[in-house]
Amino acid sequence: MESFLELLLSLTERSGVIARLIRGDKDLFGSLVEEKSGKAKNQRFEVDFKTLSDTLIQELFKHFIGEKFPQLKGFIFGEETNTFTLSNGENVTIEIGPTPVDTAHMLSRLLDPKLAGVLVETIHKEMKTCLKEEDREKVKLLKYLDERQLGVWIDPLDSTNEYVRGVTGSSSDGLYSQSIHCVTTLVGVFDRITGKPLIGVINQPFHSTDSEGVWCGWSLWGISEEGLIGMSSPLIPVRKGDNLSKKICLVSSSEDSHLLDKLNASTEWRTINVSGCGYKLLSVITGLADAYVLSKDSSFKWDTCGPHAILLAMGGNLEPFVRQGEGGGEVLYHCCGEGEGSKCWANKDGIIAYLSKDVVSSLLSVID
Ligand SMILES: [Mg+2]
């Protein structure tokens, strides 16, 4: 259990380094174009940097979790496909190899050897984890989790639009609406029998810059049934701003206008639109917002599983927006619903996420 959490934390640290390296190093990766289309299509390399980062991070988790916990092989899920057709018609699969040489060989089919070499070093480098000594002691006491019963959802880079834009937006109320701050890596471990979320890890690779302007990230983890949480550094933000009297409900830009009108007309609530399902959930977890409401089926299991486990660990929850029965019903992670392709993994009844139960009754009294 301790080693499983430690591995997840180590991999999220590594994924943050990969995300920053590919996004930030213009000299190295500037030649990977942002969008492949028409004349702008990249002539030199076969993948764009968004695809490369997304897929490499997903495969990083798949490979190293599967290597250390072979029982989980085949139960690590994500959105991205890892097979591409090159311009010469040949198929290439992005996979981390058993050795750095194997990974370099695979990457050299997509990138020049220098770029491939830089990436391989990071991919295969073990990182110090953010599991603090006092947390390690707590995690040691946890009951045994049967690895044969676990599944993992990975969202390698949530809010890829902001990752591609790479723009640092301004914040209000401590929240960034459209900014590279909104990018997160989301890892959720669930029980394959019950579908319940068990462990969550969120990494925010572009959290802040140091004195030299270099981006730094942070990680946050939680174990739902044990009520344990921990983080890599004490970065929990404090809500600030002029309008502290109203509760903040985070919403997406495409939210239903009637719902927004009701919330904004109420004396208790105001809405703020920020990018990224993961960033919205992270902001509820850190207390920058009181709730996140999504009335549509536009979030997926990989977006919510990890944050859901952390919310549960903190006494909050993530429930369907369309209420089912007394308690509102449960969002579960083991069964797919209807719909083609990835659509079957959508949270089809929408979601409401919160830390405090009082928030739900207040929200429902406004929007029902
Ligand atoms: Mg996502």
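Annotations for the structure displayed:
- When region 51-86 is filtered for residues that are more than 19 Å from Trp345 (Cα to Cα) and either modelled with pLDDT under 90 or outside any helix (DSSP H, G or I) (or both), the ones remaining, listed by number, are Thr51, Leu52, Ser53, Phe69, Lys73, Thr83, Phe84, Thr85, Leu86.
- Test: residue in region 181-188 that is assigned to a helix (DSSP H, G or I) and under 16 Å from Lys73 (Cα atoms): no
- Filter result for Leu198 (away from the ligand (no atom under 16 Å from the Cβ), part of a strand (DSSP E or B), in contact (Cβ under 8 Å) with a residue 24 or more places away in the chain and touching a Ser or Thr at 6+ places or on another chain (Cβ under 6 Å)): yes
- Taken together, the residues in region 274-299 that are of a type in the set (A, V, I, L, M, F, W, C) and under 11 Å from the mean Cα position of the chain (by Cα) amount to 3.
- Boolean, Ser211 is away from the ligand (no atom under 16 Å from the Cβ), not in a strand (DSSP E or B) and not charged (D, E, K, R): yes
- For region 173-198, the candidate set comprises residues that are farther than 22 Å from Trp215 by Cβ and touching a Cys at 6+ places or on another chain (Cβ under 8 Å); within that set, the residue that is surrounded by the most Cβ atoms within 10 Å (Cβ to Cβ) is Pro197.
- When Gly276, Gly287, Gly339 are checked against the criterion of being at positive phi and surrounded by 19 or more Cβ atoms within 10 Å (Cβ to Cβ), Gly276 stands alone in meeting it.
- Matching helices (runs of 4 or more DSSP H) fully within region 87-160 where at least 1 residues are on the phi > 0 side of the Ramachandran plot and within 16 Å of the ligand (Cβ to nearest atom): none
The values are calculated or read from the model by the stated rules, or taken from the named source; none is laboratory data. Bear in mind the structure is a predicted one, so any value in this text is a computation, not a measurement. Every residue, glycine among them, receives a Cβ derived from its backbone with ideal geometry; neighbour counts consider all protein chains shown.
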